[in-house]
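Asks: One structure is given below, represented as structure tokens, and several questions about it will come after.
The values are calculated or read from the model by the stated rules, or taken from the named source; none is laboratory data. None of the values given here were measured: they were computed from a predicted structure. Here Cβ is always computed from backbone atoms with ideal geometry, including for glycine, and neighbour counts include all displayed protein chains. Heavy atoms of the whole protein, side chains included, go into the accessibility calculation; ligands, DNA and RNA do not. Shrake-Rupley method; radii C 1.70, N 1.55, O 1.52, S 1.80 Å.
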Number of protein chains: 2
Amino acid sequence: MHIDAIVLHLFELGALRFGDFLLKSGLRSPIYVDLRATISNPRLLVAVAESLHGAARNISYDLVCGVPYTALPFATAISIAHNIPMILKRREKKAHGTGKMVEGIFQKGQRCLIVEDVVTSGQSVLETAQQLAEEGLIVEDAVVLVDREQGGRKILAEKTLQLHSVCTLSSMIHTLLEKKKIDEKTAADAIAFTQSHQLR
Amino acid sequence: MHIDAIVLHLFELGALRFGDFLLKSGLRSPIYVDLRATISNPRLLVAVAESLHGAARNISYDLVCGVPYTALPFATAISIAHNIPMILKRREKKAHGTGKMVEGIFQKGQRCLIVEDVVTSGQSVLETAQQLAEEGLIVEDAVVLVDREQGGRKILAEKTLQLHSVCTLSSMIHTLLEKKKIDEKTAADAIAFTQSHQLR
């Protein structure tokens, strides 16, 4: 599936919405990217996973790790399609059992690619990277479906984490405008918001 | 992959261990079932997903929902292989965004199959079922890779939830004994534990 087709599909699913939204960072935004709808659309999920795998084609890695929750199915789909072992980072340590923070089988020194749905500040990616690094894994790259272009890429780069993205928020907006799914004003408002809300 | 091959693979991966373990329920057990290793083995993950799908072959359902975390990749693999929409239950409500407890696209009245890795008391399955029911979904069936046979099946049945399992703990132990992976005493101790620790 071509990236434009993925973008249109996301829009039709309501995964890209225009209005007034409160973001994780506390900001209000005229555009909301909510990729969780992809999990209920297996064909789109596979297409998204393929596009992520493609965006990471020049990186060498031994493992994939999705950032909970939305990117977990993305990482699983990449793992299955390309026979790449997956590891899973918990949100919080279990009080019982083996008490691991990172689940799955891995060895220190293996290279792990982080998989994420949307990057704004990069905070979720960073937390995941730090936990993986504490386990002795090498984490230098993250692949994301949507880079909101609000500074996350730079913030991650400062921590020696390279962000690879399938789409940027502006490229998606341009696609929707070109395909006449949104009007000029909606597109301009969304792009202006992104440009005026740089986190770094 | 035949069920016996899955059991042997799980044993080799350390997903079935014999020793002295503290379970979620607070009990100590001579056998520990830790299926999280499956997530790092894509071929096994697909085989497990197929066996779960097979165990649910007589059930009609519109959606699958994995219990976090280990069963999430199982549900994803079923969803992808059989083009069945997945929904995702969060562990806790988000403070921001759309604030949904259940992510993904669904309609009230749809039938959802719960996917789980191991059932002991059935508590995790029950919590998931209750949250899905609150969203208006019909939840009458759960499919699990390993039923520990400690009462979970009965506890779930009392809540009108039918448990379908690929393996029982005793069937796995018998397979390992038959394949000479464990000795008679280890097998007997593990089976005796299961039989003497019924939760209902």
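Asks: Condition check: open to solvent by 10 Å² or more (accessible area, probe 1.4 Å), modelled with pLDDT under 95 and assigned to a helix (DSSP H, G or I). Does B:Arg36 satisfy that? Spell out how you get there, then give the answer.
Replies: Working: open to solvent by 10 Å² or more (accessible area, probe 1.4 Å): yes; modelled with pLDDT under 95: yes; assigned to a helix (DSSP H, G or I): yes.
Yes: the conditions hold for B:Arg36.
Asks: Another question about this same structure. Within the stretch B:173-200, can you find the residues that are open to solvent by 50 Å² or more (accessible area, probe 1.4 Å) and in a loop (DSSP other than H, G, I, E, B)?
Replies: B:Lys179, B:Lys180, B:Lys181, B:Asp183, B:His197, B:Gln198, B:Leu199, B:Arg200, listed by residue number.
Asks: Moving on. If we scan the stretch A:162-185, do we find a residue that is aliphatic (A, V, I, L, M) and closer than 26 Å to A:Gln131 by Cα?
Replies: For the stretch A:162-185, residues aliphatic (A, V, I, L, M) and closer than 26 Å to A:Gln131 by Cα: present.
Asks: In addition: Is it the case that A:Lys94 is at pLDDT 95 or above, over 19 Å from the mean Cα position of the chain (by Cα) and open to solvent by 10 Å² or more (accessible area, probe 1.4 Å)? Don't jump to the end; show me each part of the working.
Replies: Values: at pLDDT 95 or above: no; over 19 Å from the mean Cα position of the chain (by Cα): yes; open to solvent by 10 Å² or more (accessible area, probe 1.4 Å): yes.
Answer is no for this residue.
Asks: What do you reckon, is B:Ile3 on the phi < 0 side of the Ramachandran plot, open to solvent by 10 Å² or more (accessible area, probe 1.4 Å), more than 10 Å from chain A (Cβ to nearest Cβ) and among the β-branched types (Val, Ile, Thr)? Break it down into steps so the answer makes sense when it comes.
Replies: Working: on the phi < 0 side of the Ramachandran plot: yes; open to solvent by 10 Å² or more (accessible area, probe 1.4 Å): yes; more than 10 Å from chain A (Cβ to nearest Cβ): yes; among the β-branched types (Val, Ile, Thr): yes.
It is true that B:Ile3 is on the phi < 0 side of the Ramachandran plot, open to solvent by 10 Å² or more (accessible area, probe 1.4 Å), more than 10 Å from chain A (Cβ to nearest Cβ) and among the β-branched types (Val, Ile, Thr).
Asks: Check A:Val48, A:Val64 and return the single one that is within 20 Å of B:Tyr69 (Cβ to Cβ), more than 8 Å from every other protein chain (Cβ to nearest Cβ) and outside any loop (DSSP other than H, G, I, E, B).
Replies: Of the residues listed, the single one that is within 20 Å of B:Tyr69 (Cβ to Cβ), more than 8 Å from every other protein chain (Cβ to nearest Cβ) and outside any loop (DSSP other than H, G, I, E, B) is A:Val64.
Asks: In addition: Of all residues in the stretch B:7-33, count the ones that are open to solvent by 20 Å² or more (accessible area, probe 1.4 Å) and assigned to a helix (DSSP H, G or I).
Replies: 4
Asks: From the list B:Ser165, B:Ser170, exactly one residue is crowded, with 16+ Cβ neighbours inside 10 Å, free of Cβ contacts under 8 Å to residues at least 40 places away in the same chain and either out of contact with any Pro (no Cβ under 9 Å at 6 or more places or on another chain) or not small (Gly, Ala, Ser) (or both). Which is it?
Replies: B:Ser170
Asks: Could you check how many residues of the stretch B:23-37 are farther than 20 Å from B:Gln123 by Cα, touching a residue at least 40 places away in the same chain (Cβ under 8 Å) and within 9 Å of chain A (Cβ to nearest Cβ)?
Replies: Residues in the stretch B:23-37 being farther than 20 Å from B:Gln123 by Cα, touching a residue at least 40 places away in the same chain (Cβ under 8 Å) and within 9 Å of chain A (Cβ to nearest Cβ): 0 in total.
Asks: Report whether or not B:Glu135 is in contact with a strand residue (DSSP E or B) (Cβ under 7 Å, 6 or more places away or on another chain), open to solvent by 30 Å² or more (accessible area, probe 1.4 Å) and under 30 Å from A:Gly26 (Cα atoms).
Replies: Working: in contact with a strand residue (DSSP E or B) (Cβ under 7 Å, 6 or more places away or on another chain): yes; open to solvent by 30 Å² or more (accessible area, probe 1.4 Å): yes; under 30 Å from A:Gly26 (Cα atoms): yes.
In short, yes.
Asks: Name, by its number, the condition in (1) at pLDDT 95 or above; (2) within 18 Å of B:Pro68 (Cα to Cα) that does not hold for B:Thr120.
Replies: (1)
Asks: What residue, of A:Ile155, A:Ile78, A:Ile84, A:Ile114, is within 14 Å of chain B (Cβ to nearest Cβ), at pLDDT 95 or above and buried (at least 20 other Cβ atoms within 10 Å of the Cβ)?
Replies: A:Ile78
Asks: Could I ask something else about it? If B:Asp189 meets every condition in (1) touching a Phe, Trp or Tyr at 6+ places or on another chain (Cβ under 9 Å); (2) under 22 Å from B:Leu72 (Cα atoms) apart from one, which number is that one?
Replies: (2)
Asks: Also: Can you pull out the residues in the stretch B:42-52 that are touching a Ser or Thr at 6+ places or on another chain (Cβ under 9 Å), over 25 Å from B:Gly151 (Cα atoms) and free of Cβ contacts under 8 Å to residues at least 40 places away in the same chain?
Replies: Hits for the stretch B:42-52 are B:Pro42, B:Leu45.
Asks: Could I ask something else about it? Can you tell me which residue within the stretch A:98-111, out of those that are under 21 Å from the mean Cα position of the chain (by Cα) and open to solvent by 30 Å² or more (accessible area, probe 1.4 Å), is farthest from the other protein chains (Cβ to nearest Cβ)?
Replies: Among those that are under 21 Å from the mean Cα position of the chain (by Cα) and open to solvent by 30 Å² or more (accessible area, probe 1.4 Å), it is A:Arg111.
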